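S.K.: Before we start, here is the structure in question, set down as structure tokens.
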Amino acid sequence: MKETILVTLEDLKEIYSNKNCKKFISAAVERNIVPLKASPELAQICGHLIGDGYLRLSKTKNNGGTVRFFGEPEKLAEIAKIYERLSNKKINLIRKYAREGFQLEVVDTIFARCLYKIGVPIGDKVDSVFEVPYWIMNGSKEIKRKFIQALFDDELEGVYKDKTRNNTWKGLRLRMNKSERNIQAGLKFFNQIIILLKEFNIETTEAKVYKNVCYVRPSGIRTYRIVFRIKNKIENRKKFYEKIGFIYSKRKQEKLIESLN
């Protein structure tokens, strides 16, 4: 699967079927973007974008595409290195502090469209339908591992001590809000993650929708939370630590190790 070609030159010609297509295709060839092959690093970028990231495309086929990552500067610096290796485009770490915190923003029309073609959702993930990309679901163990690690670094709740019971740990919950009309799509995505974790012999609870708590956006869209948890028994936590763990979240990783001692 590591040699699977995901985007070809012919794919780009279809994406840029307009008067400016030659310019973009030439740039893609010059940057050696195509053929774009499945790899653990590409899976990691996809995991961060589906997690705490954002992909935007303009409405026209010949104009604009932006990739954004959010998080701590140390994580963003590592993501920037991976992105540069994959896209062959020199980028700078932009350390903005806005409502979302620090962010890395890359304006890259060509690679943004490649990412969309291989399964990264665009726009508001709460109100959109997406799945784990097919090439990750059917990829190598390392491709699956890197995708899960990136997603969990961004979105999985770390472990913490239960204040009411000695030597008991809680946490390792994955939560996502989805609009009312896209709840089933959200459940399918969570069940795909559960399937991937089972391949590493990691046990989870079932994915559930908490309909007793509803969040209403200013637009009037009603959203509900979908949750599943990695089971907290120490043998299961140990498997999670040894086979998945956290890449960049040192605080989460340290707490996980503490829970195993």
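The values are calculated or read from the model by the stated rules, or taken from the named source; none is laboratory data. Note that the coordinates shown come from a computational prediction; the quantities given were computed from them, not determined experimentally. Glycine gets a Cβ as well: all are built from the backbone with ideal geometry, and neighbour counts include every protein chain shown. Accessible surface areas use protein heavy atoms only, side chains included; no ligands, DNA or RNA. Shrake-Rupley method; radii C 1.70, N 1.55, O 1.52, S 1.80 Å.
S.K.: Quick one: accessible area per residue over the chain, 1.4 Å probe, rounded to a whole number of Å²? Show your work: numbers first, answer last.
M.R.: Values: 13680 Å² over 261 residues.
Roughly 52 Å² per residue, with all protein chains present.
S.K.: Among the aspartates and glutamates, which fall within straight-line cross-link reach of Lys161, defined as a Cα-Cα distance under 18 Å, with same-chain neighbours fewer than 8 residues apart omitted?
M.R.: Reachable aspartates and glutamates: Glu235, Glu254, Glu258.
S.K.: Step by step: find N for the chain, compute 2.2 N^0.38 Å, then divide the Cα radius of gyration by it. What's the final number?
M.R.: 1.05
S.K.: Past 21 Å, Cα to Cα: identify those pairs from Lys37/Lys198; Lys23/Lys59; Lys22/Lys117; Lys75/Lys141; Lys198/Lys231, in the order given. Don't jump to the answer; show the numbers that get you there.
M.R.: On the way: Lys37/Lys198 26 Å; Lys23/Lys59 19 Å; Lys22/Lys117 19 Å; Lys75/Lys141 23 Å; Lys198/Lys231 12 Å.
Over 21 Å apart, Cα to Cα: Lys37/Lys198; Lys75/Lys141.
S.K.: Moving on to the next point. Dimensions of the range 94-229 along principal axes (Cα, Å, largest first)?
M.R.: Here the Cα extents, ordered largest to smallest, are 53, 42, 34 Å.
S.K.: Follow-up question, since we're still on this one. Report, by chain and number, residues whose modeled amide H sits under 5 Å from the one on Val159, excluding near sequence neighbours (fewer than 5 apart, same chain).
M.R.: Correct list: Leu172, Leu256.
S.K.: Place +1 on the Cβ of every Lys and Arg and -1 on the Cβ of every Asp and Glu in the chain, take the dipole about the Cα centre, and give the residue among Leu115, Leu260, Asn201 whose Cα lies farthest towards its positive end.
M.R.: The one lying farthest along the dipole's positive direction is Leu260.
S.K.: Calculate, in nm to one decimal, what Ser26 and Glu206 gain on full extension: separation in residues at 0.36 nm each, minus their alpha carbon distance.
M.R.: Going from the current span to full extension adds 60.0 nm.
S.K.: Distance check, please: which entries in Lys13/Lys178; Lys178/Lys250; Lys89/Lys178; Lys90/Lys255 exceed 32 angstrom between their Cα atoms? Write down the numbers at each step before the final one.
M.R.: Details: Lys13/Lys178 34 Å; Lys178/Lys250 28 Å; Lys89/Lys178 34 Å; Lys90/Lys255 35 Å.
Listed pairs above 32 Å: Lys13/Lys178; Lys89/Lys178; Lys90/Lys255.
S.K.: Sticking with this structure for a sec: Please identify the trypsin sites (Lys or Arg not before Pro) of the range 145-204 that satisfy two criteria: DSSP loop assignment and at most 16 other Cβ atoms within 10 Å. Which are they?
M.R.: Values: sites: Arg145, Lys146, Lys161, Lys163, Arg165, Lys170, Arg173, Arg175, Lys178, Arg181, Lys188, Lys198; in loops: Lys163, Arg165.
Taking the range 145-204 and a limit of 16 other Cβ atoms within 10 Å, the loop trypsin sites (Lys or Arg not before Pro) found are Lys163, Arg165.
S.K.: Within the accessible area of the range 96-243, what % is carbon and sulfur when the probe is 1.4 Å and the other protein chains stay in place? List each step's numbers first, then the result.
M.R.: On the way: 3580 of 7660 Å².
The C+S portion of the solvent-accessible surface of the range 96-243 is 47 percent.
S.K.: Show that you can apply the helix-only estimate: for the chain, add -39,500 (n - 2.57) for every DSSP H stretch of four or more residues, divide by all residues, and state [θ] at 222 nm to the nearest 500. Don't jump to the answer; show the numbers that get you there.
M.R.: Numbers: 10 runs with 109 residues, N = 261.
One gets -12500 deg cm²/dmol as the mean residue ellipticity at 222 nm.
S.K.: As an exercise, take the mean of 1/r over every pair of distinct alpha carbons in the range 172-228, invert it, and state the Kirkwood radius in angstroms. Intermediate values should be presented prior to the final figure.
M.R.: Values: mean 1/r = 0.0836 Å⁻¹.
When all Cα pairs of the range 172-228 are included, the Kirkwood radius is 12.0 Å.
S.K.: Moving on to the next point. Taking the full set of protein chains and a 1.4 angstrom probe, give the accessible area of Leu104 in square angstrom, rounded to the nearest 10.
M.R.: Roughly 0 Å² of Leu104 is accessible to a 1.4 Å probe.
S.K.: I've got another one for you. Can you report the principal axis dimensions of the range 146-205 using only the alpha carbons, biggest first, rounded to whole angstrom?
M.R.: Between the extreme Cα coordinates on each principal axis of the range 146-205 lie 41, 28, 20 Å.
S.K.: Explain nothing, just the number: relative contact order of the chain, from Cα pairs under 8 Å at least 6 residues apart, as a whole percent.
M.R.: Details: 444 pairs, mean separation 45.0, N = 261.
Relative contact order for the chain comes out at 17 percent.
S.K.: Could you check the spin-label model distance between Glu78 and Glu14? Points 7 Å from the Cα along Cα→Cβ, value in nm.
M.R.: For Glu78 paired with Glu14, the spin-label model returns 3.6 nm.
S.K.: Quick one: putting +1 on the C-beta of Lys and Arg, -1 on the C-beta of Asp and Glu, what dipole do you get for the chain around its Cα centre, in Debye to the nearest 20?
M.R.: Numbers: 52 positive and 31 negative charges, 103 e Å.
Dipole about the Cα centre, nearest 20: 500 debye.
S.K.: What stretch of the chain, leaving out the sites themselves, is the longest with no GluC sites (Glu not before Pro) in a DSSP loop having at most 12 other Cβ atoms within 10 Å? Let's see the in-between values first.
M.R.: Details: sites that count: Glu3, Glu100, Glu206.
Free of exposed loop sites, the longest segment is 101-205.
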